[in-house]
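> To start, I am sharing the structure in question, which I have written as structure tokens.
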């Protein structure tokens, strides 16, 4: 590894993080080296405790899999720069180490590309790592614009009986009414899974605020507490894994897909973001001004953000009333808008789902916000406080609401490719390009699988 590569090495924690962890968690014998690919899938290599200690002491990565972040796409459809024999290296961030379940722990990794296997890697071997990109943007907005953020993520999912063999998952309750927060939905096996999941999350150091029944039958939400940005993303991917494992132990299946059942409500991934100025020179007005420029950067690029945050055709089943709406806008406590204002420094982003890579989602949202601050973009949209079906065209235009969200993943990708609106200046163009290539090849792969094969694959993974 040359000097330029050493200079760009990610945060890795310290060997002491590992030593302290194993002293506290004496039963741990295996550590899951976790990372997330371009299809939003959690990947893992399981490493014995003794090997982890050797790696940490030497400050070394471990070998990853070939083409370790490419997602569903076939190796025959790889980007031109990926050559036979390509492989990645996993750089564990030991500060992210936490308990996963009895005997097992998890550490999140940054992904590097070997220079001799990726033809266009010229010293920045982490160019295509979403987690590395996110870490850099969090640092950049703090250092350049004196803004820090906390992120809390709401996870929605269905709990259904574990299907047998080729059986498709199915609901056992009739979707007759809005079940949001009804007590009768969290009894029996559902309650056992939810309660045990919450207990395991807290045991693993992942704070939760609550869990409750959602609107659909057998649909639930777990709200994670506010955390530093990268830790929030780490906690989200581990929380999904914990819920899925607990559900399976109880003979259930947790499904996080945007719309697993045609007759029932959709599932989203809602990201709460709160802002605080780190500058002693900023008063409340100056901080609010920065946040408004951040929001303007996001809203002005929201249709393009959908290419990364709603990256599958299933994602667009959520474009309807009280999910995220259909228009680019924001509203105070308005869930018929893709951006909901809680207060001037606390906002919720709703045009996101579990098929996305959460690190890339947060990176693109923060990147858009940075562009808004850099360019002093005005928040030209006014507060939308009503359902959009109640607005006349004149009322909508008076609020600055003139653009609809894309109706498909293909439309979102086309918009991005036509005009990136500056994203390539804040996020590695190679990372953005790789995601777009993977998504284009995924479409080909799933078209060849057919509808039944695609649905089965998605239900298995998400």
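The values are calculated or read from the model by the stated rules, or taken from the named source; none is laboratory data. Small disclaimer: the values here were computed from a predicted structure and weren't measured. In this analysis, Cβ positions are derived from the backbone assuming ideal geometry, glycine residues included, and neighbour counts consider all displayed protein chains.
> Scan the stretch 358-373 and tell me whether some residue there is assigned by TED's automatic domain parsing to the domain that holds residue 424 and assigned to a loop (DSSP other than H, G, I, E, B). I'd like the intermediate steps shown before the answer.
Initially, the stretch 358-373 is screened for residues assigned by TED's automatic domain parsing to the domain that holds residue 424, giving 358-373.
When the remaining residues are screened for being assigned to a loop (DSSP other than H, G, I, E, B), the result is none.
So far as the stretch 358-373 goes, no, none of its residues is assigned by TED's automatic domain parsing to the domain that holds residue 424 and assigned to a loop (DSSP other than H, G, I, E, B).
> State all residues of the stretch 217-256 that are in contact with a helix residue (DSSP H, G or I) (Cβ under 6 Å, 6 or more places away or on another chain) and in a loop (DSSP other than H, G, I, E, B); if no residue qualifies, say none.
Correct list: 250 only.
> Just give me the residues in the stretch 109-168 being outside any strand (DSSP E or B), in contact with a strand residue (DSSP E or B) (Cβ under 9 Å, 6 or more places away or on another chain), within 28 Å of residue 268 (Cα to Cα) and at pLDDT 90 or above, in sequence order.
If the condition is that a residue be outside any strand (DSSP E or B), in contact with a strand residue (DSSP E or B) (Cβ under 9 Å, 6 or more places away or on another chain), within 28 Å of residue 268 (Cα to Cα) and at pLDDT 90 or above, then 129, 130, 131, 132, 135, 138, 141 are the ones that fit.
> Return the only residue of 414, 402, 420 being in the same structural domain as residue 304 (by TED's automatic domain parsing) and over 16 Å from residue 306 (Cα atoms). Quick ask: steps written out before the conclusion?
On the way: 414 fails: over 16 Å from residue 306 (Cα atoms); 420 fails: over 16 Å from residue 306 (Cα atoms).
Residue meeting the stated conditions: 402.
> Check 441, 404 and return the single one that is touching a helix residue (DSSP H, G or I) at 6+ places or on another chain (Cβ under 9 Å) and surrounded by fewer than 16 Cβ atoms within 10 Å (Cβ to Cβ). Quick ask: steps written out before the conclusion?
Values: 441 fails: surrounded by fewer than 16 Cβ atoms within 10 Å (Cβ to Cβ).
Result of the check over 441, 404: 404.
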